[in-house]
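Heads up, the thing below is written out as structure tokens.
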Amino acid sequence: MKRTPRETTDSARQIGRRSLVVGGLFVATGGVLAARMRYLQVERADDFRMLAEENRINIRLLPPARGLIFDRGGVLLAGNEQNYRITLVREDAGDVDAVLAELARIVNLDMVALERARAEIARRPPFVPVTIADRLSWAELSAVAVNAPALPGVTPEVGLSRIYPMRGDFAHVVGYVGPVSDYYLEQTGDTDPVLQIPDFQVGRNNVEARLEHRLRGSAGTKRVEVNAGGRIMRELDRDPPEPGADVQLTIDAGLQNYVEARLSGESAGSVVLDCETGEILALASAPTYDPNLFVRGISTASWNALNNDPYRPLANKATQGLYPPGSTYKMVVALAALEAGVLDIQETVSCPGHMDVGDRRFHCWRRGGHGRMDLIEALAQSCDVYFYDIAQRVGIEAISAMARRLGCGIRHNLPLSGVAEGLAPTMAWKMQNRGAAWVVGDTLNASIGQGFVLSSPLHLAVMTARLATGRAVQPAIIRSIDGISQLPEPARDMGFDPAHLEYIHRGMWQVNNDRQGTAYGSRVEVSEFGIAGKTGTSQVRNISAAERASGVISNDDLPWERRDHALYVGYAPYTNPRYACAVIVEHGGGGSAVAAPIARDILLRAQLGEVPPPELYPASQRRDIEQLHRELPILPTPPVPTGRTVRSQA
């Protein structure tokens, strides 16, 4: 359809107006863009040049505060303290040697530490900070901060370092932390980026190591703007780290300190259990060491001194040490025989001082023998021949099964390093491990806790608690984590005949309280705190027939390493068992003379909650006991912190 001239004119007029509008919009937009470009390129040129050419944004990890460890009453056992230090990032420093030389003019740098830092700088990726100096004073840290423009890549920091206020008392329980090493990374395969933070510390043994991932926490991050010299211009934002969990142990700090003090001077171990709950109230190994030495890396001289000590302070004798339990094992044999129905409580066995089996003679510790004895008398006086006799009736399989039932010969699940399994041997075990058949003589040796039988103080303490209560007490050392209970369920009844347990209890009572008992010298004069127990002496050398004929050499006349081990197990109070204790003194001699007095003092301290008064001891011993307690290195009970120990980093 043909358009009219008027319609053509109107259409051209409309197109012209639209073109003007669109063109105007283009011009306006171009003007705005030109103005903005001028503003950015001319007026803000210097600002953006600095951001583009000299500054950059770094993301840095913030180390978490390690969780705190407390005793059962809230006493701090492992905390954190502030540590002023200087770090250097190689890629920001440029000429590392020049920066270190300038830094040495400002603060006094240890040359050995400086060389170690140089090696670390060369080994680490260029973006990873390396500690140049730590444990600085506030004045030294301030001097570095003031001179920061002349120290590219250098950052003064406030970090955290582990501290153990109780020093050696908890070394074998809490353990210690140390710097992250290549060996640690290889062994654990841990890829947590927080491990790259300078001087980050990880648990090396015991609770610190076994609960590492609960105690460690999670790293935070911060975004910072730094210039070409590596100096931080400003912090842009921060995601704070999450601190590690707080851990409360079952250990009583006061009792632990007393046990360590009572064992001082010996190579010994001891465990104290709560018979009701299984909580470990004390776990001590002597001699001990200061775990603070390991926090920053122990010196060669200190390490050699600990490693070469014949008393082995680094070993945890309470859980790692395995020893023939000696006569403390006789309750296992007795209960196995009673439960198997092969022993009548009324019957007696004659002890002439030895028993002949085939062409071999097995001796009783009393050369002239004990005469006729029943079970209770045999336990009280520790007659070997009695237990030789009943062991042959019940057999090694039933004895070892009872040992495992009572907690020996098994590995208890505790977050400690090197908890030993022990050994309750069987016929199959000997064939598999020794390539020989079991013989009657092996059973007789096992019946008095010698031969192949091995136990730790932890095993013996659990055994004693189960005998005292008749329940399957499970040892525990973690009370709570971040306030959540970690204690096991109440122990179940083990199903023993109560009459059989009563016979065992009466025999153990007479050990300490009958004049013929082997630990009568370690009795308690007040029945309310009375102790029932069993002494043990385990040989570490063979005694020849010629020596027996001429007289067995006294322990006092032998070199220390050839003397017998001294042992004692016991529980208290007798009428309502609450505490079980086991003590081993390596090469201490007789259990009645050495281990029993120590265990008596420990059990009294556990019951009273304080150093036992002399009135509880026989009159003839009170002066010596007072003198002993005056000389013991007992610490005042530490106060429970009223505020939080350092947890976060400035």
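The values are calculated or read from the model by the stated rules, or taken from the named source; none is laboratory data. Keep in mind it's a predicted model, so treat the numbers as computed, not measured. All Cβ positions, glycine included, derive from the backbone under ideal geometry; neighbour counts span all protein chains shown.
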Look through Ala476, Ala401 and report the one residue that is among the small types (Gly, Ala, Ser), under 26 Å from Asp344 (Cα atoms) and touching a residue at least 40 places away in the same chain (Cβ under 8 Å).
Ala401
If Pro498 meets every condition in (1) surrounded by fewer than 12 Cβ atoms within 10 Å (Cβ to Cβ); (2) within 37 Å of the chain's Cα centre (by Cα); (3) modelled with pLDDT under 85 apart from one, which number is that one?
(3)
Of the residues in the stretch 256-283, those that are at positive phi and touching a helix residue (DSSP H, G or I) at 6+ places or on another chain (Cβ under 8 Å) come to Gly278
Quick check on Gln474: is it in a loop (DSSP other than H, G, I, E, B), polar (S, T, N, Q), surrounded by fewer than 24 Cβ atoms within 10 Å (Cβ to Cβ) and in the same structural domain as Gly269 (by TED's automatic domain parsing)?
yes
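So which of Ser400, Ser382, Ser350 is within 17 Å of Gln510 (Cα to Cα) and not aliphatic (A, V, I, L, M)? So that I can check it myself, show each step before the final result.
On the way: Ser400 fails: within 17 Å of Gln510 (Cα to Cα); Ser350 fails: within 17 Å of Gln510 (Cα to Cα).
When all the criteria are applied, what remains is Ser382.
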Can you tell me which residue is surrounded by the most Cβ atoms within 10 Å (Cβ to Cβ) among those in the stretch 177-207 that are modelled with pLDDT under 85 and touching a Ser or Thr at 6+ places or on another chain (Cβ under 7 Å)?
Pro198
When you look at Ser550, is it over 15 Å from Pro325 (Cβ atoms), at pLDDT below 95 and of a type in the set (Ser, Thr, Tyr), yes or no?
yes
Residue, modelled with the highest pLDDT, within the stretch 322-356, restricted to residues that are aliphatic (A, V, I, L, M) and exposed (fewer than 15 other Cβ atoms within 10 Å of the Cβ):
Val342
Quick check on the stretch 293-316. Is at least one of its residues within 15 Å of the chain's Cα centre (by Cα) and closer than 23 Å to Phe452 by Cα?
yes
Residue count, the stretch 177-195, condition within 21 Å of the chain's Cα centre (by Cα), touching a residue at least 60 places away in the same chain (Cβ under 8 Å) and farther than 25 Å from Asn413 by Cα, comes to 1
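Yes/no matrix, rows are residues, columns are (1) assigned to a helix (DSSP H, G or I); (2) within 31 Å of the chain's Cα centre (by Cα); (3) modelled with pLDDT under 85:
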{"position": "Tyr84", "(1), (2), (3)": "no, yes, yes"}
{"position": "Val128", "(1), (2), (3)": "no, no, yes"}
{"position": "Arg135", "(1), (2), (3)": "no, yes, yes"}
{"position": "Pro156", "(1), (2), (3)": "no, no, yes"}
{"position": "Gly159", "(1), (2), (3)": "no, yes, yes"}
{"position": "Arg162", "(1), (2), (3)": "no, yes, no"}
Tell me, please, whether a residue that is touching a helix residue (DSSP H, G or I) at 6+ places or on another chain (Cβ under 6 Å), aliphatic (A, V, I, L, M) and farther than 21 Å from Leu338 by Cβ can be found in the stretch 408-425.
yes
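Yes or no: Arg210 touching a strand residue (DSSP E or B) at 6+ places or on another chain (Cβ under 8 Å) and at pLDDT below 95?
On the way: touching a strand residue (DSSP E or B) at 6+ places or on another chain (Cβ under 8 Å): yes; at pLDDT below 95: no.
Criteria not met by Arg210.
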Members of the stretch 485-511 that are among the small types (Gly, Ala, Ser) and touching a Leu at 6+ places or on another chain (Cβ under 8 Å)
Gly507
Those residues of the stretch 248-259 which are under 15 Å from the mean Cα position of the chain (by Cα) and either within 15 Å of Asp601 (Cβ to Cβ) or of a type outside the set (Gly, Ala, Ser) (or both) amount to Gln248, Leu249, Thr250, Ile251, Asp252, Gln256
Of the listed residues (Val174, Val158, Val128), the one being touching a Leu at 6+ places or on another chain (Cβ under 7 Å) and either in contact (Cβ under 8 Å) with a residue 60 or more places away in the chain or buried (at least 21 other Cβ atoms within 10 Å of the Cβ) (or both) is Val174
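Just name the residue that is surrounded by the fewest Cβ atoms within 10 Å (Cβ to Cβ) out of those in the stretch 368-387 that are of a type in the set (D, E, K, R) and touching a residue at least 40 places away in the same chain (Cβ under 8 Å).
This residue is Glu377.
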Selection from the stretch 550-604 of residues that are under 16 Å from Ser527 (Cα atoms) and either out of contact with any strand residue (DSSP E or B) (no Cβ under 9 Å at 6 or more places or on another chain) or assigned to a strand (DSSP E or B) (or both):
Gly570, Tyr571, Ala572, Thr575, Asn576, Tyr579, Asp601
Among the residues listed as Pro488, Pro457, the single one being surrounded by fewer than 17 Cβ atoms within 10 Å (Cβ to Cβ) and either over 14 Å from Pro577 (Cβ atoms) or touching a residue at least 60 places away in the same chain (Cβ under 8 Å) (or both)
Pro488
Which of the residues spanning the stretch 392-411 are crowded, with 21+ Cβ neighbours inside 10 Å and either at pLDDT below 95 or within 34 Å of the chain's Cα centre (by Cα) (or both)?
Ile399, Ser400, Met402, Ala403, Arg405, Leu406, Gly407, Cys408, Gly409
For the structure I just gave you, tell me whether Gly533 is under 30 Å from Glu279 (Cα atoms), outside the structural domain of Pro243 (by TED's automatic domain parsing), outside any helix (DSSP H, G or I) and touching a residue at least 40 places away in the same chain (Cβ under 8 Å).
yes
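Take the residues of the stretch 605-631 that are aliphatic (A, V, I, L, M) and assigned to a helix (DSSP H, G or I): which is surrounded by the fewest Cβ atoms within 10 Å (Cβ to Cβ)?
At the first step, the residues of the stretch 605-631 found to be aliphatic (A, V, I, L, M) are 606, 608, 611, 616, 619, 625, 628.
Those left that are additionally assigned to a helix (DSSP H, G or I): 606, 608, 616, 619, 625, 628.
Details: Ala606: 24, Leu608: 12, Leu616: 20, Ala619: 9, Ile625: 19, Leu628: 13.
Per the stated criteria, the residue is Ala619.
Matching residues to (1) crowded, with 21+ Cβ neighbours inside 10 Å; (2) over 25 Å from the mean Cα position of the chain (by Cα):
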{"site": "Asp557", "(1), (2)": "no, yes"}
{"site": "Asp564", "(1), (2)": "yes, yes"}
{"site": "Val569", "(1), (2)": "yes, no"}
{"site": "Pro573", "(1), (2)": "no, yes"}
{"site": "Tyr579", "(1), (2)": "yes, no"}
{"site": "Ala596", "(1), (2)": "yes, yes"}
Say whether the condition of being touching a Phe, Trp or Tyr at 6+ places or on another chain (Cβ under 6 Å), under 22 Å from Gly517 (Cβ atoms), of a type outside the set (Gly, Ala, Ser) and not in a loop (DSSP other than H, G, I, E, B) is met by at least one residue in the stretch 420-436.
no
Return the total of residues in the stretch 252-293 being aromatic (Phe, Trp, Tyr) and crowded, with 24+ Cβ neighbours inside 10 Å.
1
